[in-house]
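Since the structure comes first, as structure tokens, the remarks are kept for the end.
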Amino acid sequence: MPEKFDTSSNYWDTRYQLGGTSGSGSYGRLAELKAEVINNFVETNNVLSVIEFGSGDGNQLTLARYPAYLGLDVSKEAVAACQARFQDDPSKRFGLVSDRHGETAELSMSLDVVYHLVEDAVFHSYMADLFNAATRFVIVYSSDKEEQTPAPHVRHRKFTNWVSVQRPDFQLHEHIPNRYPFDVDDPNNTSFADFFVFAKIKAS
């Protein structure tokens, strides 16, 4: 873990440089739950392309079944690690968020990221990119409440309010509560994040 916090992006890049991971949510039964829900959604809705904002160390992706995938992250370290890890899989590509050139996908995803965007400007920019990249659906796996925390890299946000105001062209299609709700006595196997699925409203 980084010794001090300055910005969200520097925190995560330093964390990966020091050998850290994307966190417990990308491992064990929480990773399996995310894979189960999203893989089923992709298959059921015949989603052909996926873009993820915050692809991290790629461990979650090892459980994924996506026809085509683009993973974006703020960390050069994480992007390089994923490129090496999946170098023999042509269905997966990776890059820095700052290098994105308007790429879109049928499904745009944010998994365990929103509550790490502690700066307001970073949050608003991230959410805009996330929804601008989606042609059909957006899936956000996050908490949805306003709450500060003692951890400098965690800030809970009522992000659905942002969607209602900023992206009325998307409606909440489904809310799936976490099968393993947060338990302070078992933080590595439980989570305060739920699944929020948004569908783009077709123009009449």
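The values are calculated or read from the model by the stated rules, or taken from the named source; none is laboratory data. Quantities reported herein were computed from a predicted structural model and do not represent experimental measurements. Positions of Cβ are generated from backbone atoms using ideal geometry, with glycine treated the same way; all protein chains shown enter the neighbour counts.
Per-structure values
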| quantity | calculated |
| --- | --- |
| Among residues of region 172-204, those that are modelled with pLDDT of 95 or more and assigned to a strand (DSSP E or B), counted | 12 |
| Candidate set from region 30-65 (those that are charged (D, E, K, R) and surrounded by 15 or more Cβ atoms within 10 Å (Cβ to Cβ)); member that is farthest from L107 (Cα to Cα) | D57 |
| Among (1) over 26 Å from R157 (Cα atoms); (2) at pLDDT below 95 - the single one N46 does not satisfy | (2) |
| Of all residues making up region 81-96, the number that are over 19 Å from R15 (Cα atoms), in a strand (DSSP E or B) and either modelled with pLDDT under 95 or hydrophobic (A, V, I, L, M, F, W, C) (or both) | 0 |
| Failed condition for Y115, given (1) part of a helix (DSSP H, G or I); (2) farther than 22 Å from I176 by Cα; (3) touching a residue at least 24 places away in the same chain (Cβ under 8 Å) | (2) |
| Where D144 falls short, out of the listed (1) surrounded by fewer than 14 Cβ atoms within 10 Å (Cβ to Cβ); (2) charged (D, E, K, R); (3) under 16 Å from the mean Cα position of the chain (by Cα) | (1) |
| Any chance D129 is in a helix (DSSP H, G or I) and acidic (D, E) | yes |
| G71 being within 13 Å of the chain's Cα centre (by Cα) and modelled with pLDDT under 95 | no |
| Which listed residue is acidic (D, E) and within 14 Å of the chain's Cα centre (by Cα), from D99, D129, D120, D88 | D129 |
| Selection within region 151-171 - part of a strand (DSSP E or B) and either exposed (fewer than 14 other Cβ atoms within 10 Å of the Cβ) or modelled with pLDDT under 90 (or both) | Q171 |
| Hits in region 34-58 (condition: under 13 Å from the mean Cα position of the chain (by Cα) and either in a loop (DSSP other than H, G, I, E, B) or more than 17 Å from N132 (Cα to Cα) (or both)) | K34, A35, I38, G54, S55, G56, D57, G58 |
| Positions within region 35-48 being out of contact with any Pro (no Cβ under 7 Å at 6 or more places or on another chain) and either among the small types (G, A, S) or closer than 14 Å to P67 by Cα (or both), in sequence order | A35, I38, N39, N40, F41, V42, E43, T44, N45, N46, V47 |
| Residue list for region 93-120, filter: closer than 19 Å to Y141 by Cα and among the small types (G, A, S) | A105, S108, S110 |
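Rundown of residues vs (1) without any contact (Cβ under 8 Å) to a residue 40 or more places away in the chain; (2) under 28 Å from T44 (Cα atoms), yes/no style:
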{"site": "E119", "(1), (2)": "no, no"}
{"site": "Y126", "(1), (2)": "no, yes"}
{"site": "T149", "(1), (2)": "yes, no"}
{"site": "D183", "(1), (2)": "yes, no"}
